[in-house]
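> Take this structure, written in structure tokens, and hold onto it; I'll ask about it next.
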Amino acid sequence: NAEFRAGRLERAVEKYRAAMRKIKRQGVNTDLEARLLSNETICLVKLSRWEEAIRAASAAIEILEKQKNESLLVKALLFRSRAFRHSEHRGERGVEAALC
């Protein structure tokens, strides 16, 4: 989060992804995984990396729906919808996919 707060978004994405690889090797920690994916999504949206943001947000949403973590779920849905709005999936399919 320090990289994010300092505005070093590319570096923040790298750190979030490194942390994800580490927790995947150590076993399942879905709460931390969902938070890392959500943070990564925010960075990717700010970097206009729409397709990557959609993938990260969708992965976070899948976890959060199972956990019933509504506040983080809403945040992930919001950022995924922003990414869809700007991506090549724009239009009817994009809106539908962003909300599902």
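> Any idea how many Lys pairs in the chain come in under 25 angstrom at the alpha carbon, given 8 or more places apart or on separate chains?
12
> Please work out the average accessible area per residue across the chain, using the 1.4 Å probe convention, and give it in Å². Mind showing how you got there, number by number?
Numbers: 6230 Å² over 100 residues.
Result: 62 Å² per residue.
> With all protein chains present, how much of the accessible area of the chain (probe radius 1.4 Å) comes from carbon and sulfur, to the nearest whole percent?
On the way: 3170 of 6230 Å².
It is 51 percent, rounded to a whole number.
> Convex hull volume of the Cα atoms in the chain, per residue, in Å³?
Working: hull volume 8.6 nm³, N = 100.
Expressed per residue, the convex hull around the Cα atoms of the chain is 86 Å³.
> According to a simple spin-label model (label point 7 Å from Cα along Cα-to-Cβ), what is the distance in nm between L47 and K24?
So the two model labels end up 1.6 nm from each other.
> Shifting gears a bit: Summing -39500 (n - 2.57) over the DSSP H runs of n ≥ 4 in the chain and dividing by its residue number, what mean residue ellipticity at 222 nm do you reach, to the nearest 500 deg cm²/dmol? It would help to have the intermediate numbers written out before the result.
Details: 6 runs with 82 residues, N = 100.
Per the formula, -26500 deg cm²/dmol.
> While we're on this one: Quick check for me: using +1 on Lys/Arg Cβ and -1 on Asp/Glu Cβ, what's the dipole size of the chain about its Cα centre, in debye to the nearest 20?
Numbers: 21 positive and 14 negative charges, 74 e Å.
Rounded to the nearest 20 debye, it is 360 debye.
The values are calculated or read from the model by the stated rules, or taken from the named source; none is laboratory data. Bear in mind that the values here come from a model prediction, so they are computed numbers and not experimental data. Virtual Cβ from ideal backbone geometry, glycine too; neighbours counted across all protein chains shown. For the accessible areas, the whole protein counts, side chains as well, though only heavy atoms, and no ligand, DNA or RNA atoms are used. Shrake-Rupley method; radii C 1.70, N 1.55, O 1.52, S 1.80 Å.
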